[in-house]
Amino acid sequence: MSVWDDLVGQEKVSEHLVAAARDADALVTAAAADTPPPESSKMTHAWLFTGPPGAGRTQVARAFAAALQCVSPDRALGGVPGCGFCDGCHTALIGTHADVTTIAAVGTQILARDMRDTVRKSFTSPANGRWQVILVEDAERLNEQSANAVLKAVEEPAPRTVWLLCAPSIEDVLPTIRSRCRHLNLRTPSVEAVADMLVRREGVEPEVAAAAARATQGHIDRARRLATDPAARERRAAVLKLPLRVEDVGGALKAAQQLVDAATEDAKQLAEETDAKETEELKAALGAAQGGRLPRGTAGVVKDLEDMQKRRRTRTQRDSLDLALSDLTGFYRDVLALQLGSRVAIANADAEDALERLARSSTPEATLRRIEAIAACQEALDRNVAPLLAVEAMTMALRAG
Ligand SMILES: [Zn+2]
């Protein structure tokens, strides 16, 4: 299985990247042999991957990073870089390659201090002599300062540095940055392609795979989670019951509270798993005895870590809420489809009774208003409105009538 086999429904994008990886390999080989580089090359030092959430932007970028680090002997025999097995591919994929740095937002923004070390590293040569790869998972979350730092680095790159930026759309990235990037847009993978991946890669039963792919409409990670994690299926089933429970004000407020509580619980669980361990490890690395005092001048470092953890908790809560809101949107889209007499593309076939009931008891106009109320809630959350406030406003708008 090469790194390219993991990409779901992105044949065009893969084609471009395979060609670039071949040329990148030729550049490295020429430099190692001290021969002049090939005259034309499809390789470039900055890439921007865009596409809808769940289409696999990060997976594509990571596959490319692995291909750039591929050291398989097959390359010399005309094999495609990105074998998936060699040391270069493997360590790049699991995130331990010395020359692949991944930046992911832990809060709603990537701060300048999160980028400082990485930007510095981008001006150095790769340790293993191939490429210094910097992968920014959520380039749309760069704030003004961190975006400016990236811009400087992309403007004057070290010869062997490659920036891989991922964002939902090209508008999410500063024009000055994106004008220096080669842009590749991913499409939403088809339901069939996602189902096929779940069967092939995860060993999921074809029927379960098809249902999960349909319910998540081309969102690869959500489909995988739904197909493999019973807790995710339970959570989704609870969310899909919400539309029938918001008939009066009391029901709406209670439903809002439950949605927010479930998201808070997700964030708490993650924090319990990681925070204490991270803090202990950092303190040990700084030279404090178990539970003991920190050496002079290191308290700020611990404070930075705690700030990061707090931002990560907020982000997890938002992500979890966002997932529930996407499920709800899908539900009302199905209601609308039934009301308009189209049964073809029902995503939530497992909730058909509830769908039929709502379709009969309301109008397409009312359904559209509800879909808009969910979108307004998502926007409010993006603007940092207190989650309960935003979700209550939404569930009140979802009531019948
Ligand atoms: Zn390889």
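Here's the yes/no breakdown for (1) touching a residue at least 60 places away in the same chain (Cβ under 8 Å); (2) open to solvent by 50 Å² or more (accessible area, probe 1.4 Å); (3) touching a strand residue (DSSP E or B) at 6+ places or on another chain (Cβ under 6 Å); (4) of a type in the set (Val, Ile, Thr):
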position: 257; (1), (2), (3), (4): yes, yes, no, no
position: 272; (1), (2), (3), (4): no, yes, no, no
position: 324; (1), (2), (3), (4): yes, no, no, no
position: 329; (1), (2), (3), (4): no, no, no, yes
position: 338; (1), (2), (3), (4): no, no, no, no
position: 341; (1), (2), (3), (4): no, yes, no, no
position: 344; (1), (2), (3), (4): no, yes, no, yes
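Name the residues in the range 13-56 that are open to solvent by 40 Å² or more (accessible area, probe 1.4 Å), touching a residue at least 40 places away in the same chain (Cβ under 8 Å) and under 30 Å from residue 223 (Cα atoms), would you? Matches in the range 13-56: 16, 52, 53. Of all residues in the range 58-73, those satisfying the criterion of being within 11 Å of the ligand (Cβ to nearest atom) and farther than 9 Å from residue 3 by Cβ are 68, 69, 71, 72, 73.
Residue by residue, here is whether (1) over 30 Å from residue 317 (Cβ atoms); (2) open to solvent by 60 Å² or more (accessible area, probe 1.4 Å); (3) part of a helix (DSSP H, G or I) holds:
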position: 105; (1), (2), (3): no, no, no
position: 146; (1), (2), (3): no, no, yes
position: 149; (1), (2), (3): no, no, yes
position: 180; (1), (2), (3): yes, yes, no
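Restricting attention to the range 1-19, the residues that are more than 16 Å from the ligand (Cβ to nearest atom) and touching a Ser or Thr at 6+ places or on another chain (Cβ under 7 Å) total 1.
Scanning the range 130-144 for residues that are closer than 22 Å to residue 91 by Cα and open to solvent by 40 Å² or more (accessible area, probe 1.4 Å) yields a single hit, 137. The set of residues in the range 58-88 being closer than 29 Å to residue 169 by Cα, at pLDDT below 95 and not in a loop (DSSP other than H, G, I, E, B) consists of 58, 59. For the range 82-99, a tally of residues being open to solvent by 20 Å² or more (accessible area, probe 1.4 Å), within 14 Å of the ligand (Cβ to nearest atom), free of Cβ contacts under 8 Å to residues at least 60 places away in the same chain and out of contact with any Ser or Thr (no Cβ under 8 Å at 6 or more places or on another chain) returns 4.
The values are calculated or read from the model by the stated rules, or taken from the named source; none is laboratory data. Keep in mind it's a predicted model, so treat the numbers as computed, not measured. With ideal geometry, Cβ positions are generated from the backbone for all residues, glycine too; neighbour counts draw on all protein chains shown. These area figures cover heavy atoms from the full protein model, side chains too; ligands, DNA and RNA do not enter into them. Shrake-Rupley method; radii C 1.70, N 1.55, O 1.52, S 1.80 Å.
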